[in-house]
Every structure is written in structure tokens, then in C-alpha cells.
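Note sheet for the following structure.
The values are calculated or read from the model by the stated rules, or taken from the named source; none is laboratory data. Since this is a predicted model, take the numbers as computed values, not measurements. Cβ sites come from the backbone with ideal geometry, for glycine too, and all protein chains shown count toward neighbours.
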Amino acid sequence: MRVDKYLKVSRLIKRRTVASEACSSSRVTINGKVAKPSSEVKAGDILEITLGGKPLRVEVLAVSEHVQKAAAETLYRVI
């Protein structure tokens with residue numbers, strides 16, 4: 001799944017356009033490498049997101065195309 005879509009589906013970022021802009025601005029990394037919006041993300045990857053000056057590091061536990069609000073938190077674990 002594309003990283004910009006994953007960030008939106010997992011509710012780490014509210015809108016896909018904001019997620020895409022964050023990736024384009026080099027504020028998102030996957031396993032230590034700068035991610036483009038179209039970069040693929042899979043279970044086991046480590047995402048680092050820097051928004052608002054605060055870094056957030058999460059481990060991807062699962063990838064799902066559609067998720068309910070309550071189940072969004074089961075897709076990742078904060079490290």
C-alpha cells in the first residue's frame with residue numbers, strides 16, 4: 001500500500017493530501033529512508049513522521065485498505 005494512503009487509513013494523518021505533502025517535504029521516512037508518497041509500506045516497517053516539530057515513530061503491524069475508526073489503532077504500534 002502507498003505510504004500516503006496508509007497514513008490516512010491508519011489515522012496518523014487526517015487527510016491524504018496532507019500525508020502526500022509531508023512525504024514530498026521529506027518529513028516521512030520508512031526504515032530510515034526518505035519516503036515518497038508512492039513508496040510502498042508493509043507490515044514490519046518502521047515509519048518516522050515529523051509534524052509540528054514532534055517526531056513520531058511507529059511500527060507497521062498490518063496493512064488494510066479500509067478500516068473502521070475503532071480498528072485504526074490496531075494497524076500500528078508507537079515506539
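Exactly one residue among R11, R77, R57 is in a strand (DSSP E or B), at pLDDT below 95, of a type in the set (D, E, K, R) and surrounded by fewer than 19 Cβ atoms within 10 Å (Cβ to Cβ), and that residue is R77. Regarding E48, is this residue surrounded by 12 or more Cβ atoms within 10 Å (Cβ to Cβ), in a strand (DSSP E or B), out of contact with any Pro (no Cβ under 9 Å at 6 or more places or on another chain) and not β-branched (V, I, T)? Here the answer is no, as E48 does not meet what is asked. When restricted to residues that are at pLDDT below 80 and either among the small types (G, A, S) or not in a loop (DSSP other than H, G, I, E, B) (or both), the range 60-70 contains 2.
In this structure, is S25 surrounded by fewer than 17 Cβ atoms within 10 Å (Cβ to Cβ), free of Cβ contacts under 8 Å to residues at least 60 places away in the same chain and either in contact with a His (Cβ under 6 Å, 6 or more places away or on another chain) or of a type in the set (S, T, N, Q) (or both)? Yes: the conditions hold for S25.
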